[in-house]
Amino acid sequence: MASVSLKNVYKYYESKKGRVEAVKNLNLDIKDKEIMSLLGPSGCGKTSTLRMIAGIEDISKGALYIGGILSNDLTPSERNIALAFEDYALYFHLTVKENIALCLQAKKIKPNIIVKKIKEVSEMLGIEDILDLKTTALSGGQQQRVSLARALVRDPSIFLLDEPISHIETEKRYQILAEIKKINLEFGSTMLYVTHNQTEAVAVSKKIGIMNFAELQQVGTRDEIYNNPINLFVANFVGEPPMNIMKCKIISEEDVIILKVENCSLKFIPEVKIVKKLHELNLKEAILGLRPQNIYIRRLSNKQKSVKGIIEVIEFLGEDVNLVLRSGDQKFSVYCSTDAGFKKDKEMELFYDQHRLHLFHPKTEKVISI
Amino acid sequence: MPRISLENVTKKFKELVALNNLSFEIKDGEFFVILGPSGAGKTTFLKVIAGLEIPENGKIYFDGNLINHVATPNRDVALTFENYSLYPHFTVFNNIATPLKSSVQKNKYNKKQIQEKVDKLTKMLSINHLLNRLPSELSGGQKQRVALGRALIKEPQVLLLDEPLAHVDAKIRNQLRTEFHFLKEKFRTTTIYTTHDYKEAISLGDRMMVLNKGGIEQIGIPEIIYNFPKNTKVALAVGWPEINLFDCTVDFENSQLYCPKGDFVFNISSNVLKHLKIYGKSEYIVGIRPHYIGFSDKPSDTYSVKAICGTPEVLDNQLVFFAKVKNLDLNISTHDPDLSLKYEQELWLGFDDQSLIFFDKETNENIKLKE
């Protein structure tokens, strides 16, 4: 079993228009037996990173250590890594069973053990009925399960999974994620899980790395990333529905520093500690972030401050209600649990905790913290 | 905008019954959502309304006029496809303008009018800045808007949307779903919208239908479908985590329910008991949604059922976990993601009888609807 460590890793692609940087100065450590997920929008460099670890792509600059050994020049097979891809990469002239068995046969594993392993993995992923079908006869979700089965059936030191369940129906996804976690616990394999879906990332791993524009933005647990996003991108990317983002002016009103949102009557009062910091930085403007889940329809404590908005959309979602409110030109959303008789076009008072306000620098978009 | 009525509509593909004897009405200007898993018959239904498939049996009326034999171009409907089906070699502008230039329109619009119409609509859809791009240069969410623009440009009487949000990622889905609320108020076209995502259905539908294997399970406003599902299938089709369903026997003397699988009893109020007495049976399938199960770390009158907590996970703003009561696994969720629960911790559960749904054990039908 092995740890994975990337030191100052770059990936360039040369094209007609010049050099494209797919991964920039990446430093990432995945401990032995750990599952880490790499989360980011499409084109952020997460798949390139995974392919470099697998040995399918060369590393343009920097060092890759697997189990503490410099592995830049090892072949994919020497790295003992199992891969599952989003686009399946199955052998279409073989049956499901043959696809799964192939790498085991190549390793000269005894046939009776292969049969046993295939039985286990196919039950786990719910594909035992289709083992004798050709892969061309399968739906996208089924093909993806076969691809995942082929990776899971091996006994590698590292699993690299690239959007392995994106085509599988929602109800089944969480079951499969639970199985992936179980494999990690039982066999102590190191895993890197690449996805654009934050729910999957949170469900499968404790530690999450967030990438954008070829760079690693932040690494941390779900709570760290959710409660203390390092910049505006992370704040906006993590959390559903997305964080409310408002541009505001920092002004003084009756000796109190307030954040006045542009083109509307919304005013937020930041914590005193933050006000000091704003003074130090000599800022006149800031970007304010507040999560829809951190705005409440009832006052929960007398420390809470309030704002007002007019209800534009009431979105009933079963377990929750998503409200879209408006003040002047600014729209913002509030997420609450089902109840309360909301009325469209009605003004309502809403409450927030000062320590839940996120402030970002208007130019650098980095978080302003004490 | 027409009212759409169906009478005993059946559509078969050889032996397979895709739509089974559907009779119902979609109101004038209504936003009607069809919820069902893949293979339920959603797309076939839209094609039948559009005239792309001819039903074997039954009648379809627009505003009382039989349209079974009216050809697609004369029905004044617009259909968007799940995979967008944009012309890859046309710009966004030309993709959207195509319906206005088609032979059916007989040169009704001159160049300037087309320009104006596309301009106005694309502003509404926030794709005005993309008019000169090719589909390959657009994101999934943008392609969906272009497809929508092409459907809306000729101001159809009936808009048919086939899984419009199925292929955009979660973030954009959230955003577009909210935008549909604005769009539906602006256009007020009779719209039929299909989806396999229950959140879309209950969020957007003025009314919705749960379709299963070509047959109607239930039609109603979303709140009714969610809170008063007609049977266990509907109950399972809406809500996540899935509703808990378990068998219970009523002990009429002690006002209690007994669950054999979990080997526990809990009290129910005289009101509920009366209702069950009137219905006349003593065994039911009881349904309770995961967020209605109360729990505490100490036993009390309210929280009386002992359970063992599984691994808690934060998913979509909810803290979700299994609780094991003997052989019964219960899904439980709460909106407080910061709550600290430990794996294998002891918990005490409480079931508020107001949130219980009772189903007949033989028919799986909700007993309340039978009144």
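Taking each residue as 0.36 nm, the span from B:N8 to B:H335 lengthens on full extension beyond its C-alpha to C-alpha distance by 113.3 nm. For segment A:183-248, the gyration tensor built on C-alpha atoms gives a prolate shape. Its axis ratio a/c (a ≥ b ≥ c) is at least 1.5, and a/b is the larger of a/b and b/c. Where both bridge residues fall in chain B, DSSP classifies roughly 75% of the beta bridges as antiparallel. Scan segment A:230-319 for GluC sites (Glu not before Pro) in coil per DSSP, keeping those whose Cβ has at most 12 other Cβ atoms within 10 Å, and list them by number. Sparse-neighbourhood loop GluC sites (Glu not before Pro): A:E254. Can you give the FRET efficiency to the nearest 0.05 for B:L66 and B:Y258, using r as the Cβ-Cβ distance and R₀ = 56 Å? About 0.50, to the nearest 0.05.
Residues of segment A:340-370 falling in the label zone of A:N282, defined by backbone nitrogen less than 17 Å from a point 7 Å along Cα to beta-carbon, are A:362-364. Overall, the ratio between the Cα radius of gyration of segment B:244-370 and 2.2 N^0.38 Å, rounded to two decimals, is 1.08.
Give me a single rounded figure for A:318-327: the average over its residues of other chain Cβ atoms within 10 Å of their Cβ.
5
Working from label points 7 Å from Cα in the Cα-to-Cβ sense, the A:E347 to B:E242 distance is 4.8 nm. Which pairs break 24 Å Cα to Cα here: B:K106/B:K143; A:K247/B:K143; A:K267/A:K346; A:K343/B:K184? As for pairs spanning more than 24 Å Cα to Cα, those are B:K106/B:K143; A:K247/B:K143. Could you give the distance between the Cα centres of segment A:181-199 and segment B:136-162, to the whole Å? Rounded to whole Å, the Cα centres lie 38 Å apart. The relative contact order of chain A, computed from alpha carbon pairs under 8 Å that lie at least 6 residues apart in sequence, is 15 percent. Model label sites at B:S270 and A:K206, defined 7 Å from Cα along the beta-carbon direction, differ in position by 5.4 nm. The three principal axes of the C-alpha atoms in segment A:188-329 carry coordinate ranges of 60, 43, 30 Å, sorted with the longest axis first. Subtracting the Cα-Cα distance of A:N263 and A:S337 from 0.36 nm times their residue separation leaves 23.7 nm of extension gain. The overall shape of the protein assembly as shown, judged from the alpha-carbon gyration tensor, is rounded, with an a/c ratio under 1.5. For chain B, the dipole from Cβ point charges (+1 on Lys and Arg, -1 on Asp and Glu) about the Cα centre works out to 1980 debye, to the nearest 20.
Note on A:A89/A:K366: beta-carbon distance plugged into 1/(1 + (r/R0)^6) with R0 of 41 Å gives a FRET efficiency of 0.55.
Taking a 21 Å limit on the Cα-Cα distance, which of the listed pairs A:K46/A:K97; A:K11/A:K33; A:K249/A:K308; B:K277/B:K368 fall beyond it?
Over 21 Å Cα-Cα: A:K46/A:K97; A:K11/A:K33.
Estimated from helices alone, the mean residue ellipticity of the protein assembly as shown at 222 nm is -7500 deg cm²/dmol (sum of -39500 (n - 2.57) over DSSP H runs with n ≥ 4, per residue). Taking other C-beta atoms within 10 Å as the exposure proxy, B:H181, A:H358 rank B:H181, A:H358 from fewest upward.
Per-residue shielding of A:177-186, expressed as the average number of other chain Cβ atoms within 10 Å of the residue Cβ, stands at 1. Residues A:D345, A:D162, B:D251, arranged from fewest to most other Cβ atoms within 10 angstrom of their Cβ, appear as A:D345, B:D251, A:D162.
The fewest-to-most ranking of A:M36, A:M211 by surrounding Cβ atoms within 10 Å reads A:M36, A:M211. For segment B:1-101, GluC sites (Glu not before Pro) meeting the loop criterion (DSSP other than H, G, I, E, B) and having at most 13 other Cβ atoms within 10 Å: B:E15, B:E56. Label-to-label distance for A:V256 and A:N112 is 7.9 nm, based on points extended 7 Å past Cα in the beta-carbon direction.
Segment A:7-60 and segment A:351-370 have their alpha-carbon centroids 30 Å apart. Computed from the C-beta positions of A:E120 and B:E25 and an R0 of 45 Å, the FRET efficiency is 0.30 to the nearest 0.05.
The numbers here are math on the coordinates, done by the rules we state, and not lab data. The shown structure was predicted, so the numbers you read here are calculated from the model rather than taken from an experiment. Note that each Cβ is placed from the backbone with ideal geometry, even for glycine, and that neighbours are counted across all protein chains shown.
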